[in-house]
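I have placed the structure first, in the form of structure tokens, so that the comments after it can refer back to it.
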Amino acid sequence: MKALVLAAGFPQIALIQELKKRNIEVVLADYNAEPVAKPYADKYYQESTLDVPKIKEIAVSETVDFLITVCTDQALLTVAKVSEELGLPCYIDYKTALNVTNKQYMKDVFMHHGIPTSKYVILKEFDEEKIKGFRYPLIVKPVDCNSSKGVRRCDNLEELKEFFSAAAKMSRTDTAIIEEFIEGKEISVDVYVENGEAHILSTLNLEKIPDKDKFVIFRGIFPAEEAVCVMDKIQMIAQQIADAFHITDSPMLIQMIIGESEVYVLEFSARTGGGTKYITIKQASGFDVIKAVVDLTLGKKPTVGTIVSEAEYIVTEHIYCYEGTFDHLEGFEELKNTGVIKDYYLYKGRGSKFDSVNNSGDRIAGYTILAETKEELENKHLIINNSVKVISSDGRDIMRHDLMTNLQ
């Protein structure tokens, strides 16, 4: 068999390895020249995963048996569309993929089915009349981008006009969403829907870089403590979403806000979160979502089974950089060998350039800590921050240590 894998980031390495275990030849496509997953594939095409005609052309010329991706929104839409056009297997149909990757359709379904979400409006051109009655601060975002690209907080009309224009330009449909900001604690909920039943695999607190108008995640903490007292509501909403979008067998990622008296849905997708999220889910639940997506695509039905976590606390830190050109990491392997770090992950190759932190795609690396107590967790975190470095081509440590704030 032969598969066409779309996107070549860190999670796709695990996907390719899973396919190889099954003796499946892998053709890989991504817009980058030297992405991290490229060495793992049998053949590579430097093409945008959003270019549907080109991806379809590759699928036909390579006579692939199926297309597949994991942990990415927009590539999932391409997989669903090309698979449908070529009559190839896919765990999600194109209409559903469009509903879960485009925030306009997603929000419409939320409202129609009574799924609690923020007040919003969808616009191609800014119209002040359309936001009459909205309360600042407001959030603006492109309707069809991921990795927090173009997502900005606006405290006044001037900022809203500026950020709306930027967000609309990032959208493939020149469309942006404006919604009210909801106060509360943001959590990430990973779900697997088996035969129409939503199973909660993990809940994470998400900590973001302290920037008033950007929303870049730098840490995920399992379990999300705020979720414990509202788990019944979270489970109910996850099931509502699965039912509303007619999802019967699929992973789901739901971003929620826990407010004072309600649980709100920011957005969701029929996929697993990016970066190392698939690893965190397996550590938190024992369920392998990468394997599950391959099974689904090949017509097999995965079973969730008993949820068991590897540790009481699991923390994943995402590392960002000051300006510079990446050369190598220091200290990570030593801390992994001594058990301080469970594992670490490199997302970009030597020679990658950094100038600012604008979205989660600007991460250079990440690592995971497992601990049985908060004290153990905090001690490990302190050791790591004092020991690891991201070294630039001119010998500087360009790691943003300032973002590794105290876990308390």
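The values are calculated or read from the model by the stated rules, or taken from the named source; none is laboratory data. What you see is a predicted model; the values in this text were computed from it and never measured. Note that we place each Cβ from the backbone using ideal geometry, even for glycine, and neighbour counts take in every protein chain shown. SASA here: full protein model, heavy atoms, side chains in, ligands and nucleic acids out. Shrake-Rupley method; radii C 1.70, N 1.55, O 1.52, S 1.80 Å.
Across the options 284, 326, 383, the greatest Cα extent toward the positive end of the charge dipole of the chain (unit charges at beta carbon of Lys, Arg, Asp, Glu) belongs to 326. Think of the chain as having a plus end and a minus end, set by charges on the Cβ of Lys, Arg, Asp and Glu; of 170, 26, 209, 26 sits farthest toward the positive end of this dipole. One Cα centroid belongs to region 219-243, the other to region 97-173; the line between them spans 24 Å.
How charged is the neighbourhood of residue 18? Take every other residue with its Cβ under 10 Å from the Cβ of residue 18, and add Lys/Arg as +1 and Asp/Glu as -1. Here the charged neighbours net out to +2.
Taking the convex hull of the alpha carbon positions in region 82-124 and averaging its projected area over all directions gives 4.1 nm². For the chain, the dipole from Cβ point charges (+1 on Lys and Arg, -1 on Asp and Glu) about the Cα centre works out to 660 debye, to the nearest 20.
Residue-normalised convex hull volume from the C-alpha trace of region 252-321: 154 Å³ per residue. On a per residue basis, the convex hull of the C-alpha atoms belonging to the chain measures out at 141 Å³.
Loop sites here are GluC sites (Glu not before Pro) outside DSSP states H, G, I, E and B with no more than 10 other Cβ atoms within 10 Å. The longest part of the chain free of them is 1-182. Counting only protein heavy atoms and a probe of 1.4 Å, the accessible surface of region 79-162 is 46% carbon and sulfur. Sites listed here are trypsin sites (Lys or Arg not before Pro) in region 1-86 whose DSSP assignment is loop and whose Cβ has at most 14 other Cβ atoms within 10 Å: 22. In a Debye calculation with equal point scatterers on the alpha-carbon sites of region 102-219 and no solvent, what is log10 I(q)/I(0) at q = 0.10, 0.12, 0.14, 0.15 Å⁻¹? Cα-only, vacuum Debye calculation for region 102-219: -0.34, -0.48, -0.65, -0.74.
Measuring how big region 1-112 is from its alpha-carbon positions, Rg and Dmax come out at 14.0, 45 Å.
Neighbours of residue 190, meaning other residues whose beta-carbon lies under 11 angstrom from its beta-carbon, give a summed charge of +3 when Lys and Arg score +1 and Asp and Glu score -1. For residue 301, the lysines whose Cα falls under 16 Å of its own Cα, not counting residues fewer than eight places away in the same chain, are 291. Per residue, the accessible area of region 212-297 comes to 34 Å², computed with a 1.4 Å probe over protein heavy atoms only. In this Cβ point-charge picture (+1 for Lys and Arg, -1 for Asp and Glu), region 71-228 has a dipole of about 300 debye about its Cα centre. Checking every one of the trypsin sites (Lys or Arg not before Pro) in region 322-408 against DSSP loop status and a limit of 11 other Cβ atoms within 10 Å picks out 350. Dipole of region 1-146 computed with +1 at Lys/Arg Cβ and -1 at Asp/Glu Cβ about the Cα centre; of 13, 113, 63, farthest Cα towards the positive end is 113. Summing Lys and Arg as +1 and Asp and Glu as -1 over all other residues whose Cβ lies under 15 Å from the Cβ of residue 287 gives a net charge of -2.
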